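Student: Take a look at this one; I'll ask things after.
What follows is calculated from the coordinates using simple rules that are stated; it is not laboratory data. Just so we're clear, the structure is a prediction, and the values are computed from it rather than from any experiment. Because the Cβ atoms are built from the backbone with ideal geometry, glycine has one as well, and the counts that use them run over all protein chains shown.
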């Protein structure tokens with residue numbers, strides 16, 4: 001039986017259908033359970049024909065995530081232009097729909113699915129997708145009226161610090177337990193948790209005392225400052241618990 005010859009327009013239609021189908025599969029069953037066989041069956045093509053579009057399922061997923069970005073940006077614009085919603089209500093609605101993608105048809109990858117996709121991608125394609133994501137988030141922040149040039153990666157310094165102390169403590173704990181030296185392991189985990197607790201309390205105090213200049217440093221506008229002060233106070237108060245929870249030694253201690 002002769003193979004069907006597809007025109008360029010038909011190929012574009014099949015490619016778009018593959019993208020929309022994998023998005024829906026991720027929403028319905030997750031990436032891990034969305035095999036190429038399942039996708040081809042839903043679209044009505046063979047695996048051989050699939051590989052003329054994408055070298056792997058993971059490459060299709062990247063294209064599908066790019067495909068849904070304009071839809072998400074348009075949705076964000078609609079929320080910001082809705083006069084019945086405050087700025088906070090609009091942002092909350094957007095984030096909830098993204099976090100609970102199954103309810104709104106948005107493909108959201110779990111951490112495990114992201115790791116799986118990363119392992120199967122070439123470095124070149126991963127870096128290209130990473131740049132696309134940075135551009136997407138920049139556009140999204142602009143829609144929300146946030147100064148993209150004022151956002152500093154140091155905003156996430158508390159998590160980095162917790163992980164730095166935590167990973168060191170966890171490594172020491174594993175080493176000592178492997179040696180059978182339980183007493184040293186207990187002392188090490190105690191020191192790590194104490195250090196995280198002490199550092200987090202100091203950081204929380206500094207943050208709460210200097211919250212206004214910190215917000216200015218990060219580019220908070222007059223419109224956003226009241227919201228930032230409200231949320232910043234909550235974040236500052238909860239900072240010690242956040243750091244302790246994020247640090248690896250506390251989780252290691254719970255399982256030991």
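Student: Put a dot 7 Å past each Cα toward the Cβ at residue 125 and residue 8; how far apart are the dots in nm?
Tutor: Going by the 7 Å Cα→Cβ label model, 2.3 nm.
Student: Restricted to Cα positions, what overall size does region 38-85 have along the principal axes? Three whole-Å values, descending.
Tutor: For region 38-85, the Cα extents along the three principal axes come out at 50, 18, 12 Å.
Student: Would you mind calculating the gained length between residue 71 and residue 175 on full extension (0.36 nm times residue separation, minus the Cα-Cα distance), in nm to one decimal?
Tutor: Length gained between residue 71 and residue 175: 32.5 nm.
Student: Calculate the FRET efficiency for residue 227 and residue 80 from the Cβ-Cβ distance with a Förster distance of 22 Å, rounded to the nearest 0.05.
Tutor: Working: r = 14 Å, r/R0 = 0.65.
The calculated FRET efficiency here is 0.95.
Student: Full extension from residue 132 to residue 47: what is 0.36 nm times the residue separation minus their Cα-Cα distance, to one decimal in nm?
Tutor: 27.8 nm
Student: Based only on other Cβ atoms within 10 Å, what is the fewest-to-most ordering of 184, 84, 110?
Tutor: Placing the least packed residue first, the sequence is 84, 110, 184.
Student: Where does each of 200, 46 land when they are ranked from fewest to most other beta-carbon atoms within 10 angstrom?
Tutor: Ordered by Cβ neighbours within 10 Å, fewest first: 46, 200.
Student: Rounded, prolate or oblate, given the Cα gyration tensor of region 4-124, with a/c below 1.5 counting as rounded? Present the calculation step by step, with values, prior to reporting the outcome.
Tutor: Values: a/c = 2.43, a/b = 1.75, b/c = 1.39.
In terms of gyration-tensor shape, prolate.
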